[in-house]
Amino acid sequence: MHECHQWLSCKEIGKIDRKNYTRLEKKSIKRLSLLSWNNYPVVLSKVLNKDKGWNDRITSNYRRLQPHPFLLQVIGMCRKKRLIVTEYHQFLDTHKASRVFKQLKLPENEESLIRLQLCIDYAGIIEFLQMNGLYQCDANILHKLLTQLFFTDDLHLVVGDLDYLRRIGIDNCPTWFKKHSTFGSPGFIKNENVSCSSSNKQCVDKLAEVHINEDIWKLPDVCSFFLGKSSSTSSIRYDLESIHKQCKNDTNLPLASEVLQSYVMAKSAFLKRANKNAIKYK
């Protein structure tokens, strides 16, 4: 959506025609439907959890962070009826990335570059959230995390699910530590039930380090998924081997900004190799 509007009110959302809709998905938290507003395709999310505290937290996350290029754009919100209207992207979430690339049939180098850009975008998202004192809470399984990220129409990433964002150093998230996590079990997690009062600085600082490291720990898995196993991305995977090993340490993990810098450097190296090969075969 390329026009600026104030968020739609409850009354305006109520006027959106719901006769011709497409059910996109029904999750445990939200029911998603594809509708049309002013000839724009939009997604109407109905929050199924009726708990006031839960809904206040969700709406607070959206209001606090919007607008930002790393976030799915909100078009309207009705807190009373637990409705959120957002922009629609045709490729939907990223867990079907291989299908999207197969459909697009891009030249090999172009596809590899876009795959690496997805890694850059994700590292940027983690840095953005951490700078706002937040971390992703419930993404203990790679598939679950990928369903929270959406392709934009120009093949960048945005976060589409802000339901489980929690405050770094304050709010714990026990679900991430369960043994069925596909990210492995990092040794830096000592006690999954610890939570802190904001006035207890020592506890907050200690727990904040754990929360920050959790997101860093996941970065190699997410990036490796985006890169795929094609020979065309083998040189990129090699360039990222060192930083990804650092992300899987139990101590001295890199910052999100350092991972992001490594990804950007890998992009520069890839472009340099691509240009060199293009000249070579002219």
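Derivation of every value follows stated rules applied to the coordinates shown; laboratory data play no part. This is a predicted model, so every value here is computed, not measured. Because the Cβ atoms are built from the backbone with ideal geometry, glycine has one as well, and the counts that use them run over all protein chains shown.
In terms of the mean number of neighbouring beta-carbon atoms within 10 Å, the peptides 116-123, 61-68 order highest first as 116-123, 61-68.
Dipole size of the range 12-169 about its Cα centre, with +1 on Lys/Arg Cβ and -1 on Asp/Glu Cβ: approximately 1100 debye, rounded to the nearest 20. How high is the relative contact order of the chain, given as a whole-number percent (alpha carbon pairs under 8 Å, six or more residues apart)? Over the chain, the number comes to 16 percent.
Relative to the compact-globule estimate of 2.2 N^0.38 Å, the Cα radius of gyration of the chain comes out at 1.07. For the listed residue pairs K52/K206; K50/K245; K102/K267, the alpha carbons are over 32 angstrom apart in K50/K245. Put the Cα centre of the range 107-156 next to the Cα centre of the range 208-225 and the gap is 12 Å. Cross-linked pairs K96/K144; K105/K218; K11/K46; K19/K80; K46/K80: Cα-Cα separations exceed 19 Å for K105/K218; K19/K80. Place +1 on the Cβ of every Lys and Arg and -1 on the Cβ of every Asp and Glu in the chain, take the dipole about the Cα centre, and give the residue among Y263, G124, L146 whose Cα lies farthest towards its positive end. Looking along the dipole axis, the top candidate is L146. When the Cα atoms of the range 214-263 are aligned to their principal axes, the ranges along those axes come out at 32, 16, 15 Å in descending order.
Calculated mean residue ellipticity, 222 nm, the chain: -13500 deg cm²/dmol, from DSSP H runs (n ≥ 4) at -39500 (n - 2.57) each, averaged per residue and rounded to 500.
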